[in-house]
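S.K.: If you scroll down you'll find the structure; I have some questions about it.
The values are calculated or read from the model by the stated rules, or taken from the named source; none is laboratory data. The model shown is predicted, which means the values in this text are computed figures rather than measured ones. So basically every Cβ, Gly included, is an ideal-geometry build from the backbone, and we count neighbours across all protein chains shown. In case anyone asks, the SASA skips ligands and DNA or RNA and just uses the protein heavy atoms, side chains included. Shrake-Rupley method; radii C 1.70, N 1.55, O 1.52, S 1.80 Å.
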Amino acid sequence: MKEPSDVDLLIIAQNICASCNLNLIQKVGEGSFKETFCVNQADGVSLALKVFKPGMNNLRKEREINAMQR
């Protein structure tokens, strides 16, 4: 089994895109807690897909999600 630091978030982003009919364009950033990818919807609208790294505590995860919703 892989350690959390060995998890490839690009593969996770690709799987999310495949299941949500999104086109993965590229990785655009990385922070301590997540990686961000540029994706397009079928109609060409660009979105940011943020994939959290494993091991993040729930309180920090909630704060990150709340900040993204603002």
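S.K.: Quickly run through segment 39-62 and pick out the residues that are more than 17 Å from Ile11 (Cα to Cα), charged (D, E, K, R) and surrounded by 10 or more Cβ atoms within 10 Å (Cβ to Cβ).
M.R.: Arg60, Lys61, Glu62, listed by residue number.
S.K.: Sticking with this structure for a sec: Looking only at strands (runs of 3 or more DSSP E) that fall completely inside the chain, which ones have 1 or more residues that are among the charged types (D, E, K, R) and out of contact with any helix residue (DSSP H, G or I) (no Cβ under 8 Å at 6 or more places or on another chain)?
M.R.: Numbers: elements: 23-30, 34-40, 46-52.
Where strands (runs of 3 or more DSSP E) fall fully within the chain and carry at least 1 residues being among the charged types (D, E, K, R) and out of contact with any helix residue (DSSP H, G or I) (no Cβ under 8 Å at 6 or more places or on another chain), they are 23-30.
S.K.: Hey, another quick one. Somewhere in segment 15-25, is a residue modelled with pLDDT of 95 or more, among the hydroxyl-bearing types (Ser, Thr, Tyr) and open to solvent by 80 Å² or more (accessible area, probe 1.4 Å)?
M.R.: Going through segment 15-25, the residues modelled with pLDDT of 95 or more turn out to be 15-25.
Adding the requirement that they be among the hydroxyl-bearing types (Ser, Thr, Tyr) leaves 19.
Cutting the leftovers down to open to solvent by 80 Å² or more (accessible area, probe 1.4 Å) gives us 19.
Taking every residue of segment 15-25 in turn, at least one turns out to be modelled with pLDDT of 95 or more, among the hydroxyl-bearing types (Ser, Thr, Tyr) and open to solvent by 80 Å² or more (accessible area, probe 1.4 Å).
S.K.: Considering only residues of segment 26-38 that are charged (D, E, K, R) and in contact with a Ser or Thr (Cβ under 9 Å, 6 or more places away or on another chain), which is most open to solvent (accessible area, probe 1.4 Å)? Show your work before the answer.
M.R.: Within segment 26-38, the subset charged (D, E, K, R) is 27, 30, 34-35.
Those still in the list that are in contact with a Ser or Thr (Cβ under 9 Å, 6 or more places away or on another chain) too: 27, 30.
Values: Lys27: 95, Glu30: 111 Å².
Filtering segment 26-38 for residues that are charged (D, E, K, R) and in contact with a Ser or Thr (Cβ under 9 Å, 6 or more places away or on another chain), the one most open to solvent (accessible area, probe 1.4 Å) comes out as Glu30.
S.K.: Also: Show the residue pairs meeting these rules: Cβ distance below 6 Å; 6+ apart or different chains; first residue within segment 37-65 and free of Cβ contacts under 8 Å to residues at least 60 places away in the same chain; second residue polar (S, T, N, Q) and open to solvent by 70 Å² or more (accessible area, probe 1.4 Å).
M.R.: So the pair list comes out as Cys38/Gln26; Asn40/Asn23; Asn40/Ser46; Ala42/Asn21.
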